[in-house]
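Q: Pasting in a structure now, in structure tokens, and then I'll have a few things to ask.
The values are calculated or read from the model by the stated rules, or taken from the named source; none is laboratory data. Keep in mind it's a predicted model, so treat the numbers as computed, not measured. Note that we place each Cβ from the backbone using ideal geometry, even for glycine, and neighbour counts take in every protein chain shown. Each accessible area value is taken on the protein alone, full model and side chains, heavy atoms only, with ligands, DNA and RNA left out. Shrake-Rupley method; radii C 1.70, N 1.55, O 1.52, S 1.80 Å.
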Amino acid sequence: VDANVINAGDGAHEHPTQGLLDMLTLREKYGTLEGLRVCIVGDILHSRVARSNIHGLQTMGAKVSICGPSTLIPREIERLGVEVYHRLDDAPTGKLVLGLVPPTSGSVHYRGQTPPPVGTPAWRGLL
């Protein structure tokens, strides 16, 4: 069979198709990913999309950092080449794109409330 295959992720670690869409969105907005400074903020531990964005953005030349409480940051994530911050006050400033990752129902106790939708980073413009 002559076919192209796009990996949609393994269900626990990556979501490459959404990562590609995020990179396309950022490239359309900023013209290039080369040299773009991106900080992904939030529940990195439970986010498949955050991992895919880290791999893809770095491959395309972006400088990626992450920010979140230590309980929501994977151990040894620095091995992926990202800078890790636990407080927004310590994260990079200046011309920076933020990707905001909402918490998952597995990462926070909602006390009977409906958890927010699990999704992809909401990209916020240059700050």
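Q: Quick one: accessible surface of Glu28, probe radius 1.4 Å, all protein chains present, in square angstrom to the nearest 10.
A: 140 Å²
Q: Next question, about the same structure. With a 1.4 Å probe and all protein chains left in place, how much accessible area per residue does region 35-88 have, in Å²?
A: With the other protein chains kept in place, region 35-88 gives 47 Å² per residue.
Q: Using a 1.4 angstrom probe and counting only protein chains, how large is the accessible area of Asp90 in Å², to 10?
A: 90 Å²
Q: Give the shape of region 6-80 as rounded, prolate or oblate, defined through the alpha-carbon gyration tensor: a ≥ b ≥ c are the square roots of its eigenvalues, a/c under 1.5 means rounded, and otherwise the shape is prolate if a/b is larger than b/c and oblate if not.
A: On the way: a/c = 2.03, a/b = 1.28, b/c = 1.59.
Since a/c reaches 1.5 but b/c is at least a/b, the shape of region 6-80 is classed as oblate.
Q: Sort Met23, Met60 from largest to smallest accessible area, using a 1.4 Å probe on the heavy atoms of the protein chains. Spell out each step's value before the answer.
A: Values: Met23 30, Met60 95 Å².
Output order, biggest surface exposure first: Met60, Met23.
Q: How long is the gain from His13 to Met60 if the chain were fully straight, where each residue apart is worth 0.36 nm and the alpha carbon distance is subtracted?
A: Working it through step by step, the gained length comes to 14.9 nm.
Q: Separate question: Once the Cβ-Cβ distance between Lys95 and Ile6 is put in as r, and R0 is 30 Å, what FRET efficiency do you end up with, to the nearest 0.05?
A: Efficiency computed from Cβ-Cβ geometry: 0.40.
Q: Could you pull out every residue, at least 5 positions away or on a different chain, whose amide H is within less than 5 Å of the one on Leu96? Hs are placed 1.01 Å off N in the peptide plane, and Pro or chain starts have none.
A: Residues meeting the criterion, in which the H sits 1.01 Å from N, are Leu127.
Q: List every residue whose amide H lies under 5 Å from the amide H of Lys63, counting only residues 5 or more places away in sequence or on a different chain, with H placed 1.01 Å from N in the peptide plane.
A: Here the answer is Gly35, Leu36, Arg37, Val38, since their amide H atoms fall under 5 Å of that of Lys63.
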